[in-house]
Amino acid sequence: MKDIYIAFLASNYKSGKFIRAFTRTRYSHVALSSSPHLSEMYSFSRQYYNTPFVAGFVRELPSRYLYNGTDTPVKVCKVSVSDAHYEQILSTIHTFMKNKKQMKYNFLSAFAYPLHKSVKIRDAYICIEFVRFVLGINDFLTIPQLEKRLSGSVVYEGGMRALANASSDMDDYFDRKSFFYQLSHTTADLALLIRRLPIK
């Protein structure tokens, strides 16, 4: 048996604050990691600090949640899986990494999420849809539902800073992108999502 870690995070973004206010929950984001210290996490989120609508599959480092001296509440749950399932999870994440450019953020599901709805689009996910897909668990739609399901598997709850040993590792997440970059990418991604909508 091997362990996979599921991180529930209360991001400081306006979008995260809105979700928490609307749903009256503590956490607004979820990610997967193979490390109990969340040295690397995988999920669907914004790709750069200043681009709320340029989003997709991301490799997240703890530094994302420690920017400018801030700390972020996090709950970590440990899920034990068979060796074969563990390798399948890592293989799926590797496939997402390899095909990162075609993996899009599912804005339609994001808009429907507060209503506990989901819009299935090929190669497009929000964070909770990604976790559900990778783990192969389909009996939840929302972050609070998954949190409740894993209530007996909590191994840490507190600030990211203490958990991550004040990691200072950085990536291109903090590269600032222009308004025109954001506009062009957001427009292209929305158009692609609409084309990918299943037609019945």
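The values are calculated or read from the model by the stated rules, or taken from the named source; none is laboratory data. For clarity, every value in this text was computed on a predicted model and none was experimentally measured. No Cβ is skipped: glycine too gets one built from the backbone with ideal geometry, and neighbour counts run over all protein chains shown.
Here is how the numbers come out for the structure above:
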{"item": "Residue match in segment 75-96 (condition: over 29 Å from Gly152 (Cα atoms) and without any contact (Cβ under 8 Å) to a residue 40 or more places away in the chain)", "result": "yes"}
{"item": "Counted residues, segment 52-74 - those being touching a residue at least 60 places away in the same chain (Cβ under 8 Å) and polar (S, T, N, Q)", "result": "2"}
{"item": "Residue within segment 98-116 that is touching a residue at least 24 places away in the same chain (Cβ under 8 Å), in contact with a strand residue (DSSP E or B) (Cβ under 6 Å, 6 or more places away or on another chain), surrounded by 14 or more Cβ atoms within 10 Å (Cβ to Cβ) and aliphatic (A, V, I, L, M) present", "result": "yes"}
{"item": "Subset of segment 131-166 [among the charged types (D, E, K, R) and touching a Leu at 6+ places or on another chain (Cβ under 9 Å)]", "result": "Arg132, Arg161"}
{"item": "Positions within segment 67-96 being loosely packed, with under 13 Cβ neighbours inside 10 Å and under 17 Å from the mean Cα position of the chain (by Cα), in sequence order", "result": "His94, Thr95"}
{"item": "Answer residue from segment 122-153, given it is basic (Lys, Arg) and closer than 19 Å to Ile89 by Cβ and is surrounded by the most Cβ atoms within 10 Å (Cβ to Cβ) among those", "result": "Arg132"}
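Yes or no, residue by residue, for (1) small (Gly, Ala, Ser); (2) under 30 Å from Val81 (Cα atoms); (3) at pLDDT below 90:
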| site | (1), (2), (3) |
| --- | --- |
| Phe140 | no, yes, yes |
| Lys148 | no, yes, no |
| Val154 | no, yes, no |
| Leu183 | no, no, yes |
| Leu190 | no, no, yes |
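Condition check ((1) outside any helix (DSSP H, G or I); (2) touching a Phe, Trp or Tyr at 6+ places or on another chain (Cβ under 7 Å); (3) at positive phi) across all residues:
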| position | (1), (2), (3) |
| --- | --- |
| Tyr113 | no, no, no |
| Ser118 | yes, no, no |
| Phe130 | no, yes, no |
| Leu141 | yes, no, no |
| Gln145 | no, no, no |
| Val155 | yes, no, no |
